[in-house]
Each structure stands twice: as C-alpha cells, then as structure tokens.
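Inspection log for the structure reproduced underneath, given as structure tokens.
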Amino acid sequence: MADPSSYRPKPGQIPDSPGVYKFRDEHRRVIYVGKAKSLRQRLASYFQDLSGLHPRTRTMVTTAASVEWTVVSTEVEALQLEYSWIKEFDPRFNVKYRDDKSYPYLAVTMNEQFPRVQVMRGQKKKGVRYFGPYGHAWAIRDTVDLLLRVFPVRTCSAGVFKNAARTGRPCLLGYIGKCSAPCVERVSPEEHRELAEEFCDFMAGRTGTYIRRLESRMTDAAEEMEYERAARLRDDIEALKKAMEKSAVVLADATDADLIALAEDELEAAVQIFHVRGGRVRGQRGWVTDKVEAVTTGDLVEHALQQLYGEETGDSVPKEVLVPALPELVEPVQEWLAERRGSNVSLRIPQRGDKKALMETVQRNALQALGLHKTKRASDLTTRSRALEEIAEALDLDSAPLRIECYDISHLQGDDVVASMVVFEDGLARKSEYRRFQIKGFEGQDDVRSMHEVITRRFRRYIAEKEKTGEWADGETGLTEEDGRPKRFAYPPQLVVVDGGQPQVAAAKRALDELGIDDIAVCGLAKRLEEVWVPGEDDPVVLPRTSEGLYLLQRVRDEAHRFAITYQRAKRARRFRASPLDDVPGLGETRKQALIKHFGSVKKLRSATIDQICEVPGIGRKTAEAITVALAQAAPAAPAVNTATGEIMEDTEDTEDTEDAAGTTDAESETTAGSTGEPVSAGSSDERRGQER
C-alpha cells in the first residue's frame, strides 16, 4: 500500500486551471481519470488525512503511485478529454460506461407533416433524420434546449399536439418562444418544415454559414437601430456557439468522415465507429459479433460497412470512411458506397497525422468494448459455469462451488457495527437466503474480530441444524420448517468468501477450525488489487483481469458490501430518530402522533401535567403517568446554536422532536459501495458523515 505523501506534487506545482488528471499505480497502469475546474483545488482534496477520505477514495490513493495532469483551455475540453481517457485506459476506479446498444439518438421525424425533435432508441425508422448516438439522454436535451431558441421546432408528442390544436392554445414552449406553435397555425407546414431542415443542417455540421448569416442580420439590425432584434440575434448566436462547444474539434478543415476500428480474438470481434461531422465527433456506436466463419480483418470491415450503411442514403454516408484494413475487393465496395451516397466516397487506411491518431483512439475503444463484453455476460449459463470452474481450479477445490456465501463488515467509525451474508447459487444471487448480523461480542472497531464472530455464529447455527436432523441420513426432510420453507442456516456452502485480505481470511478459517468444520473452503478478495487470498498462504492467488471467475467473485463481494452498508445505514437512521416516547410500553405510532399533534412538540409535552395528557383521545391515566416518567428520565436535547451569530435556536428542539416522534426523518438512499464507480472526493456527503465502511 503506497503512501500518498510519497508522490504528492510540490506546492505551487499544480496549476490553478481546468484540466484532466490521471492516477497511475506502481505498474504505470491508469487506475483513475477525473476532470476539474481547478486542478489545484481538486488534487489537493486527495492528499489529506486518509481517515477523512471516503473508503473508495482512500483505496484509490493508496493503490496509486503517481499522479499526472493535462491542462486544457475550457471545461468542455476537459469533459471531452476525460471521456477519451476513460475509453482509452478503462480505469478500474472509474464508473463503467454502459453498452453502446443502449445509447440514445437525437431524431427529427421528417416523415411527418410537422417534423418533431425527440430522443429515440432502438431500430432506425425510414424518413427520420438521426444524429448521434450520445452518451446520455441529458446531453441531447441540453443541446436541443440551446437550439430551440434559434430553431423553434416542435418537440411535443402527438397527443399534446392534437390537444393544443383542439383547444387553440399552444403549450408552454409556444408561449416562451421555444416552439413555433404549428399546432395553432402560427406558422404554415412549409415554414415549420424549413425550420426543421435548418435544424438538421446545423446538427449535420454546416454551422459556419448559418452563424455568419445571423451575424450579418445582427449587424444590419443594429445599423437600422432595431436594437431589440439585434440583441435577440446576438443571444441566438451565443446559443449556437455554446451548442457547438459540446463537441470538441478532432479533425481540421471541417472533415466529414466515419472511422471504423476492430478488436478481435479467435471467437469474437468488436466493432467501434466514430462519426465525425464538420471536424467534430457527433456520435459513436459499436457492436460485438461472433466469428462463425473463417474471416480476415478485411472481411470484417466489409461486413461492418454493409451493416452500417446498408439502409443509409445521402449525407448519412460520409465523403470519407477510414478503416484499419481494406476489403479484398476494394473497388466494388467503394462503388456501392458511392451509390448509397450519390457521390464519390473515399475508403482508405489513415497513414499519418490527426486521422491516424484518432483512429488509434477508436481502436482502443474497440479493445475496451471487447473486454467489457467478455465480462458482462453474467446471466449466460455457459459463462457462469466457466466462472465456477475457474474458481475451483484457482482455489484447488474438488468441485465447482455451486453455493458461495460472502461476508462483509460495515460500521461508521466503530459505531453500529453490522455484518452481511449474501448467497450465490449457480453463479446467481439468491436474495431470499441473505442474512444480516449485529456484532454483539464486543464494542468498537475490529474487522478481524467481527469476522470471527459472524462466521462462528453462522456455522454454529449450521451445526445445530445438522445435529437436529441427524446428518440428514433419512433424506432431506429435516431441511425444512413445518410450513415447508427452508431452515435459515441449514444449507452449507462449498465456498466462504470474506471481504478482505489475510487477516480476515485467517479469522474466518480459525472460526471454522474451532467448530470442527474442515470441508468448507475459505478465501478473501482484497479490494486494493483484487487479489484472492487463501488461508495459510503468504502470496495471493492472482486471477487474470479477464477471468470470468474473478468477475464472479467481484460481484459476490460487491453485493455483500452493498447489503452490509444498507443495513448499517438503516440501523444508524433508526438510532438517530429515536424518541423518549419509544420507551413507553404500549404506546404505538398512532397515539405518538396524536400526542405530538395535540401539544405541538415533545418539549411542550414534557411540561404538561398528567391531567392535560389525559385530554388526548386514546390516552388513559396509566399511560399518561408512564409518558410523564419516560420524559422525565430522558434528558432534553441540547439547543441548537447558529454558528454565524451565536444565537440559540430554541425552536429547533421542537421541530426535531416532532420529526423524531412522528418518525418522519428522511431515509438515506441506498449506495452500492464497493461496486465499480468513481471515487468520492473529500467534500462528498459520505465523508461529511464520517469514515464509513
């Protein structure tokens, strides 16, 4: 484990400007990529006391061995560069991008009388102009929102459009000038279609001519002293330029081209396509295919061209298509592309310059897509079987572990220590078998001792069930309760996985040995380098990064972490909203709320007499006396203080007491800690709550 101070940049060395940064491990592998408005402030947040960092951030900075950065001129460029680096390096601590097949497109339905701009997914439809695909639907909506003030094209659904036409009243966008309102005939169908055509031209990359036209009109309006119209045109130009900033220029001279790259092995091939229009990356798509026949790279390129342009015509086929290898028969393919486009198309391999550099980036994306595809088929039976066989081989087990149990410990700086047990059978989660534990044997923070206690309690129950059924010699009738449901701890696993390294593994093995159990394998998965530890070994078992077995162990470990931290947060939330009224025997939620509603707060209830409490419907004298005793024994909450003025906020206790007694405190959202995701910076909400594991 590296010490972050060993590679911390010197003071003043980090620039105070936008940029993108990379953390590398000792093997020079990029493990995290991030962007920042100020590199100096963001990087400084990583180099602080480790106890103040979020667990995933702490793991990242202790795994890293160096940090480097690249300065850019704008935040938009930082976003583009971050995206490129994530695709290029596939850092293990970054959030993973979803499959390209689910990426949305910006579509303009030119096949309708009144074309509509909308987000579309799935198969393309005839007569619809498509732009993209985009990484996120919100990116499309941001772009459309900027362009609607210049091209007020219809965006509403057919139902909204018909209702507006029936009532004669346009929607809100029509009133604020972001729709030309063809539904109420503010513009004719021909005028609205012309707006849609201009919108499509702008999205296709023909931006310079339109902006110059607007600038000329703005100048003319200013000279004619029509300043309001000139100001409106000025704002339109700024909106268009802002929309253009969302796509960084990657090729000079306003090039229109598609770049196709391949990554392949003996069985499969991944295809990645970058769509460049006007020198800017306007979209990306890709797919993975099985190599069911003996094909060369050139043959794969030819198949990709057929699938990509088979249903496209006109400008959807660019002037230039860049590929990693040419088909065996180039001329027929080129002629076919030219026929689809209606003019000449250049099909070639980039040799030098920006185009070759961009092709290398597309190639790295294709390699990443193929790698992700090989590890995402968790629902495939063949893949799961292979994963279980790889685990059995790596851990030297007699057979594949059909039932795997994983344990994790969670706490907040030693408080509310809990543990989770998740179960995977045949490589799939079986949530009905999940169990959770409260650590009862001691107080404080000791993950090793906690793991020993949990394993002991779980398998002591297993032994008890085993003794009741007499080794299950007469069949498996003893495995179920009287109502037919399985007993809670009756089934033994073939493999116990613990979240941690050597100490946790040794504790789990010691607990099994003390119980006399020697037929259950134990291993641990350490988060830092995803190493698999087994009892009694000084060196870990290192599974390949592309191993299906490692991927399954990671899923099991991450699910245990999620289940543990969810329970720990729920337990903590219940403790925070505890009320003195909870200790009154027989006083339920309904009567608690009736008391608070009658008196207004616990503070006022505490000062009430027994007779006054008896006036509340449903509260008898005996219950009123119990309430008075409970409130007298409970110390009142300390008053809140305004840190800015020093003023004591007397009403705070009333409000808090009301929430506590009524049980209306906001619940914390569930977080899948330990899953693949971006490290949380030092200013996140989790870190403000403290060091949580």
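The values are calculated or read from the model by the stated rules, or taken from the named source; none is laboratory data. Since we're looking at a predicted model, the values are computed, not measured. Heads up, the Cβs are rebuilt from the backbone with ideal geometry, glycines too, and the neighbour counts pull from every protein chain shown. Note: accessible area is taken over every heavy atom of the protein model, side chains too, but ligands, DNA and RNA are not part of it. Shrake-Rupley method; radii C 1.70, N 1.55, O 1.52, S 1.80 Å.
Here the peptides 595-603, 450-458 are ranked by packing, the mean other Cβ count within 10 Å, and the order with the highest first is 450-458, 595-603.
Three semi-axes describe the equivalent ellipsoid of the stretch 583-629; taken as square roots of 5 times the Cα gyration tensor eigenvalues and ordered largest first, they are 13, 12, 10 Å. Note on Asp415: accessible area approximately 90 square angstrom, rounded to 10, probe 1.4 Å, nucleic acids and ligands left out. Measuring with a 1.4 angstrom probe and ignoring ligands and nucleic acids, Ser180 comes out at about 10 Å² accessible. For the stretch 547-566 and the stretch 384-412, what is the separation of their Cα centres, given in Å? After rounding, the separation between the Cα centres reads 10 Å. Phi-derived couplings, Karplus 6.51 cos²θ - 1.76 cosθ + 1.60 at θ = phi - 60°, listed residue by residue for the stretch 178-186: 9, 8, 6, 6, x, 5, 10, 6, 5 Hz, with x used for Gly and Pro.
Greater than 30 Å separation of Cα atoms is the criterion. Which listed pairs, Lys571/Lys604; Lys355/Lys527; Lys431/Lys597; Lys35/Lys571; Lys124/Lys431; Lys37/Lys124, meet it?
Numbers: Lys571/Lys604 28 Å; Lys355/Lys527 39 Å; Lys431/Lys597 40 Å; Lys35/Lys571 35 Å; Lys124/Lys431 39 Å; Lys37/Lys124 38 Å.
From the list (Lys571/Lys604; Lys355/Lys527; Lys431/Lys597; Lys35/Lys571; Lys124/Lys431; Lys37/Lys124), the Cα-Cα distance tops 30 Å for Lys355/Lys527; Lys431/Lys597; Lys35/Lys571; Lys124/Lys431; Lys37/Lys124.
Starting from the Cα gyration tensor of the stretch 329-377, take the square roots of the eigenvalues, sort them a ≥ b ≥ c, and report rounded, prolate or oblate (rounded when a/c is under 1.5, otherwise prolate if a/b is larger than b/c, else oblate). Could the numbers behind the result be given before it?
Working: a/c = 3.35, a/b = 1.71, b/c = 1.95.
The shape class here is oblate.
Using mean Cβ contacts within 10 Å as the protection proxy, how do 223-229, 113-119, 68-74 order, highest first?
Values: 223-229: 10.4, 113-119: 18.3, 68-74: 14.6.
Those peptides, ordered most packed to least, come out 113-119, 68-74, 223-229.
Modelled this way, with points 7 Å down the Cα-to-C-beta line, the labels at Asp142 and Glu197 are 3.2 nm from one another.
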